[in-house]
């Protein structure tokens, strides 16, 4: 079985992970599912690989020997806006996932996920369904509450601008945070089940900070920086 | 023995009184001397070159030559007054400069005629006739009246008893030579009293306002009353005997004794003593003069005033002097010293006036009591104002001290608060560390050890993978539980559902998730991370049992909220369709296997966070029912 994109070609994945066993594991799982996987252990190798052409999907670890995965994600978003980006995380903690989302990632993958889940997640991502965890959703909605309550002191953790989220999107996040399935959320909110994953991707896109100046602007808007 | 003991404390006290009183009395003696000298020095001088002293006086039909100044007998009728006739020489060639007649002192009223034509009648100026003031008079003699050489001057002296009539030397000469002397006397005996009285009026208003605002301090009211009386006495025009308003005269006469009694009352109150009941007797003479003045016409009130009023004034001054002396001995403060000296001056002036009236001292009949009394009242008023200002300063400094104290207290409080906060933070950190250690020991530590053990035994594959996955899961649980979920257990259960679904997927087991109410579980603001960990571990254990030991195909989690009238509580049930296991009679799993240990663990975890665990198991499946408390305990119930 070979996973194919809309053009019929095999879906290419660039996997950036410095820990060799983890890299093998993920590569095996993805290759078995029919993806065309290239792997890189460092930022330099990843950039080298990009010279050959843009992959459909980028999977990257954040802590790399020669830099931070966030730089790679930012570069990818600028050079190849069509590439889907996911961050690979050992714990799926909000610190790493949210910082990746704000530079353009639209999902995350646990390093110990079961091989079938790894393949499914990537397939969903390519189909436009961004994965989100309850704890990430919880982090985002708690931050929307925090922004409403007080802006006197920036909350700990990564900077996150939730101002652009609509009430409906926040409702969806609440549902996910409380463990409801997409179907349950859709029925609670009177939505079609299929539209929920699209909303998730929108949420990710809204949380993205596109440029440095925009990041400063957002920070000022939120009162994180006092001019 | 007892006599010595009784005397012992009195002797030093007496010595103390003496040591304080003697210097004070010496000071007062000095003041008396200075006052007498001052009165002598301030005696205004008159232009003696133009004095006309030789007169022939016609009194009661009897004519005899006299020399001015001259006293006539006291009389009560204005008819046929003593008439003094004298001559003065108007030099030829001096017609250009105007000539005047100047009378420095007379009592009570005069009518002056030059060459038979009246040029001055003091009865028209009510204030000039007051015996207590030393008002001089001057009148320009019309040039047409003057003849070169000898001219005749006639002075008719009107006297109303009981005081004797008095006529000082008469001066006739160029106006330019006489007027400076006249002006000096006017300044001293007319203008100055008016100034003092005006001052008194202002102080009366101020003191009255003070008394109105501070009713519990009658001292201000007493002094204000005294001053008002003094002002009325000074400014009300005294009636000249032919006038019929004799009642007003009585009131004016009564003012002096009443005023002096009020001053004594002020002294007593000012030095903080109680006004004695018999003290009211001091007011009797003044009131008597007043009442008799209202009933009987003149000259009765005047006689009464001389007999009753003036001695009362003297008595009051003497009492005041005693009061201030006692105050000086007791208090030794500036206020009592000042008032004491002022009283001594007034008393000296009063004695001087008495001696003048009794013709013991020849003083040209200049009375100084009234003037000195006004000065004393002004001094007292100034003293009171000074005391008031000092009180304000004290209030200010008290307020300042208060501000400083409050600031200090605030600083201390802040410091102790910071210390307390620091302590609390340290305690929290220590607790957190303890908890984290226990959590890691319970889960991650054990699992890692078991991975080590498995690796050493050469095991491969599934066993190590399971242990490592369990360790990772536990690590995520510990991290997750540290997050602030705002008391909403549903947020923690959401993550758990996600993890459990992922865990069950390879086993092909379905996880049914049913939340009975839209809200899920009631909010628990007191919910702490360790409660969350215990609950999640219970649920993990239930799921693990269902998967490993009961071979279940389907696991259902139901989240429900009940309310038995004492507030809502949540119930989480985990039901499986597995084979179940046998329970002993006491609800414990039979046997000592892993299941039994797991069940014991679950029970103890539930107990630690105040929850109740129910377990039912039979061949059709197992049901774990966890009834959450209405309020989670603050401290670990099992640990203490």
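The values are calculated or read from the model by the stated rules, or taken from the named source; none is laboratory data. Quick caveat, the model's predicted, so the values are computed rather than measured. Reconstructed Cβ throughout: ideal geometry from the backbone, glycine too, with neighbour counts over all protein chains shown.
Couple of notes before you dig in:
- Pick from the stretch A:159-184, criterion under 17 Å from the mean Cα position of the chain (by Cα) and over 16 Å from residue A:202 (Cα atoms), ranking: modelled with the lowest pLDDT: A:159
- Residue among B:412, B:387 that is surrounded by 10 or more Cβ atoms within 10 Å (Cβ to Cβ), in contact (Cβ under 8 Å) with a residue 40 or more places away in the chain, at negative phi and more than 14 Å from every other protein chain (Cβ to nearest Cβ): B:387
- Top-ranked residue in the stretch A:182-208 [being within 14 Å of chain B (Cβ to nearest Cβ) and farther than 20 Å from residue A:106 by Cβ; ranked as surrounded by the fewest Cβ atoms within 10 Å (Cβ to Cβ)]: A:190
- Among the candidates B:526, B:541, residue that is away from every other protein chain (no Cβ under 13 Å), surrounded by fewer than 22 Cβ atoms within 10 Å (Cβ to Cβ), within 16 Å of residue B:624 (Cβ to Cβ) and touching a residue at least 60 places away in the same chain (Cβ under 8 Å): B:541
- Residue match in the stretch B:446-457 (condition: modelled with pLDDT of 85 or more, closer than 30 Å to residue B:635 by Cβ and within 60 Å of the chain's Cα centre (by Cα)): no
- Checked against (1) more than 7 Å from every other protein chain (Cβ to nearest Cβ); (2) in contact with a helix residue (DSSP H, G or I) (Cβ under 8 Å, 6 or more places away or on another chain), residue B:512 meets all criteria but (2).
- Just one residue in the set A:95, A:84, A:75 is assigned by TED's automatic domain parsing to the domain that holds residue A:57 and more than 14 Å from the chain's Cα centre (by Cα); that residue is A:75.
- Criterion (surrounded by fewer than 23 Cβ atoms within 10 Å (Cβ to Cβ), modelled with pLDDT of 90 or more and closer than 26 Å to residue A:197 by Cβ) met by exactly one of A:33, A:90, A:29, A:10: A:29
- Applying the criterion of at least 1 residues that are modelled with pLDDT under 85 to the strands (runs of 3 or more DSSP E) found wholly in the stretch B:1-103 leaves B:54-59, B:62-67, B:70-72, B:83-90.
- Residue identified as in a helix (DSSP H, G or I) and more than 11 Å from chain A (Cβ to nearest Cβ) among B:468, B:502, B:550, B:546: B:546
- When B:138, B:153 are checked against the criterion of being touching a helix residue (DSSP H, G or I) at 6+ places or on another chain (Cβ under 6 Å) and outside any loop (DSSP other than H, G, I, E, B), B:138 stands alone in meeting it.
- Of all the numbered requirements in (1) touching a helix residue (DSSP H, G or I) at 6+ places or on another chain (Cβ under 8 Å); (2) surrounded by 19 or more Cβ atoms within 10 Å (Cβ to Cβ); (3) assigned by TED's automatic domain parsing to the domain that holds residue B:609, residue B:507 misses one, and that requirement is (2).
- Residues that are within 9 Å of chain A (Cβ to nearest Cβ) and in a loop (DSSP other than H, G, I, E, B), drawn from the stretch B:471-499: B:483, B:484, B:485, B:486, B:488
- When residue A:87 is tested against (1) more than 25 Å from residue B:474 (Cβ to Cβ); (2) more than 14 Å from chain B (Cβ to nearest Cβ), just one condition goes unmet, and that condition is (1).
- Residue under evaluation residue B:511, criteria (1) touching a strand residue (DSSP E or B) at 6+ places or on another chain (Cβ under 6 Å); (2) assigned to a helix (DSSP H, G or I), criterion not met: (2)
- Residue A:146 fulfils the conditions (1) at pLDDT below 85; (2) in a helix (DSSP H, G or I); (3) touching a helix residue (DSSP H, G or I) at 6+ places or on another chain (Cβ under 9 Å); (4) within 11 Å of chain B (Cβ to nearest Cβ) except for a single criterion, (3).
- Of all the listed residues (A:153, A:218), the sole one being under 26 Å from residue B:484 (Cβ atoms), assigned to a helix (DSSP H, G or I) and modelled with pLDDT under 85 is A:218.
- Some residue of the stretch B:121-134 being outside the structural domain of residue B:230 (by TED's automatic domain parsing), under 26 Å from residue B:61 (Cβ atoms) and in a strand (DSSP E or B): yes
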